[in-house]
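Everything on this sheet refers to the single structure shown next.
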Amino acid sequence: MIRLCVDSDFETIYEIINDAAQAYQGVIPADCWKEPYMPREELRHEIDDGVQFWGYEEGELVGVMGMQHVQDVTLIRHAYVRTARRNQGIGSQLLIYLRKRTTRPILVGTWADAVWAIRFYEKHGFRLVTGEEKNRLLGKYWSIPKRQVETSVVLAEQD
Ligand SMILES: CC(C)(COP(=O)(O)OP(=O)(O)OC[C@H]1O[C@@H](n2cnc3c(N)ncnc32)[C@H](O)[C@@H]1OP(=O)(O)O)[C@@H](O)C(=O)NCCC(=O)NCCS
C-alpha cells in the first residue's frame, strides 16, 4: 500500500499537495500563502533536489510524504494526505514506514501555526526544538526563504 512514487505520479502528487495544503489557508501568515500552494516548478525543484516521495495507495494515491537525506540527517518533507482522507491513520502509516527507511536522525519542519501537524509529530515522539536551535537547524539543513524560517518550527526525535 506504501510505495515509492515514480515520474508518472507527478500530477497526482501535485494534486494531493495542493488539495491538502488548503488546510493552511487563513491559518499560516497571509504573506506565506499562495495558490497553488506548491506550483509544479517548485515541486519539480524539490524532487530534483533529492526529495523522494513515498505514497499511500488505495486504488489511487491518497497521501504522500517526502524524505530527503541532507548531510548527516534525514528530513521529512511535504507530508500531505488528501483532505477527504485525513484523520484515518494514513499520515501515521507513512511516517512509521519512512522512519524505518533511515538510520539517521530525523528532523521535521512545519509552519508554527499548523498546530495539527505539530500534534501529529508529537504523538509520534517528536519534540519541538528551541527557537535558537530551530534557526540553526533550518539554516544548516533546509533551503527555505528567511520569512519561512521565522514562521516555522522544527521537531526532532526524542532521545
Ligand atoms: C498532517 C497530515 C499529513 C497527517 O496525516 P493524517 O493521515 O491526517 O494523519 P493521521 O490520521 O495518521 O493522524 C492525524 C490524527 O488522526 C487521528 N487518527 C488516526 N487514525 C484515526 C482513525 N482511524 N480514526 C480517527 N482518527 C484517527 C490521530 O490520532 C491523529 O490525531 P491527532 O491529530 O490528535 O494526533 C495531514 O493531516 C495533512 O495533510 N494535513 C495538511 C497538511 C499538513 O499540515 N502537512 C504537514 C506538513 S509537515
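No lab work stands behind these numbers, since they all come straight from the coordinates. Source: prediction; values computed, not measured. All Cβ positions, glycine included, derive from the backbone under ideal geometry; neighbour counts span all protein chains shown.
Using the Cα centre of the chain as origin and beta-carbon charges of +1 (Lys, Arg) and -1 (Asp, Glu), tell me which of Gln88, Ala156, Gln22 is placed farthest towards the positive end of the dipole. Value: Ala156. The P(r) of the chain has a tail past 23 Å containing 33 percent of all C-alpha pairs.
Each of Ser92, Ser152 was scored by other Cβ atoms within 10 Å of its Cβ. Arranged with the fewest first, they read Ser92, Ser152. Lys-Lys pairs in the chain that are eight or more residues apart or on separate chains and whose Cα atoms lie under 22 Å of each other come to 4.
Taking label positions 7 Å along the Cα-Cβ direction at both Gln52 and Thr12, the computed distance is 1.9 nm, reported to one decimal.
Across segment 1-86, C-alpha contacts under 8 Å between residues 6 or more apart give a mean separation that, scaled by the residue count, equals a relative contact order of 33 percent. Restricted to Cα atoms, segment 1-91 shows a radius of gyration and a Dmax of 13.1, 37 angstrom.
Do you know the relative contact order of the chain, to the nearest whole percent, from alpha carbon pairs under 8 angstrom that are 6+ apart? That works out to 21 percent.
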